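J.: Before I ask anything, let me first share the structure, which is written out below as C-alpha cells.
Readers should treat all values here as calculations from the given coordinates under stated rules, not as data from a laboratory. Everything numeric in this text was worked out from a predicted model, so none of it was measured. All Cβ positions, even for glycine, are placed from backbone atoms using ideal geometry, and neighbour counts span all protein chains on display.
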Amino acid sequence: MSKKIVIFDLDGTLVDSSDNISSAINFVRADSGLPPLHKDFITSNINKDDINPAEVFYGTNVFTARQKELFETFYLDICTNSLMAYDGVVGALERFKKGGFYLSVATNGASMFAVKMLASLKIDSFFDHLVGADLVESPKPNPDMLNLILDRYAYGSGDFVPFMVGDSIKDIKSAARAGVKSAFASWGFGEDVDGADIRLDNASEIELLFEYFS
C-alpha cells in the first residue's frame, strides 16, 4: 500500500509557544542588560530566513556559548508553560491516524524541547518520528530534516508525494528542496509567503490534505 506521509512543523503550526519563546529570548537579553522585546516582534522575526537572528535578538554577530546555554536551560524549564495546541489540531491528527497516515515532526528547535512539549499535550503518540535541529547538519530551510524522515520511512516512487505543513518560508523552502508538497499554516508565526502548494487558513483545515492523497 502506498504510504501517506505528512510532516509538521511544531512551533506556530501544531502548538502556540509564542509566550515561552519570547520569555526565553528576553531572559537571555536581560543577562546582557538589554531591554525586553515585544512578543509580536519576536514571533514575526523568528522564522525569517533573510536575517541574522543573533543580531536581531541579541545584538551579536553569532550566538555565543553563554546565550545558547542560557536559552536552552531556561526554555527547557518553561517550554510547557501556557503551551497549547491550536484549535483543530488534535482532531486532525486523530483523523489522519485513523486514515492510516504516517505523521512526523520537523522542528528547528532542539529535539529535547519538542519531546517535552508534545508529551505535555499528550499528542506525542501521533508521531512516528521527531527530528530537531540537533539531529541534522543544516536545519530548515535546508531539506536535511525532511530527507532524514523520508529515509526513515523508506519513502519511494510508489508512495504518495508527502506534504510538509508549516507556518514559515523556511518550511516551504525545505519542502521544495526535498521534493515534497507544502501547505502554508497561515495561523502561525510567519508572514504570508509565496510558493506553497496550498494555503490553510486555520488548523481545522489541515484535514483538507486528505483529498490530495486519494
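J.: Helix 169-178 versus the longest principal axis of the chain: what angle, 0 to 90°, nearest 10, using Cα atoms?
T.: In the chain, helix 169-178 runs at an angle near 40 degrees to the longest axis.
J.: For region 18-78, just the Cα atoms, rotate onto the principal axes and tell me the three extents in Å, largest first.
T.: If we take the Cα atoms of region 18-78, the spans are 28, 24, 20 Å.
J.: What is the sum of charges, Lys and Arg at +1 and Asp and Glu at -1, for the other residues whose Cβ falls under 12 Å from the Cβ of ASP11?
T.: Net charge in that neighbourhood comes out at -3.
J.: Let me ask another. Provide PHE101, PHE41 in ascending order of the number of other Cβ atoms located within 10 Å of each residue's Cβ, fewest first.
T.: PHE41, PHE101
J.: Here's a follow-up. Can you give the angle from 0 to 90° between the axis of helix 65-78 and the longest principal axis of the chain, with both taken from C-alpha atoms, to the nearest 10?
T.: Taking the Cα atoms of the chain, the angle to 65-78 is about 60 degrees.
J.: Here are several values of Rg/Rh (Cα atoms, Kirkwood Rh): (1) 1.03; (2) 1.00; (3) 0.96. Which one was derived from the coordinates shown?
T.: Read-out from the structure maps to (3).
J.: Picking from SER111, SER22, SER82, which is most flexible by a Gaussian network model of the chain using Cα springs under 10 Å?
T.: Highest fluctuation of the listed residues: SER82.
J.: Could you identify which residue out of LYS140, LYS116, LYS98 has the top mean-square fluctuation in a GNM of the chain using Cα springs shorter than 10 Å?
T.: For the chain, modelled as a Gaussian network with Cα springs under 10 Å, the answer is LYS98.
J.: Counting each DSSP H run of 4 or more residues in the chain as -39500 (n - 2.57), what helix-only mean residue ellipticity at 222 nm follows after dividing by all residues, to the nearest 500 deg cm²/dmol?
T.: It lands at -11000 deg cm²/dmol.
J.: Another question about this same structure. Return a whole-number percent for the relative contact order of the chain, with Cα pairs under 8 Å and 6 or more residues apart as the contact set.
T.: 28 percent
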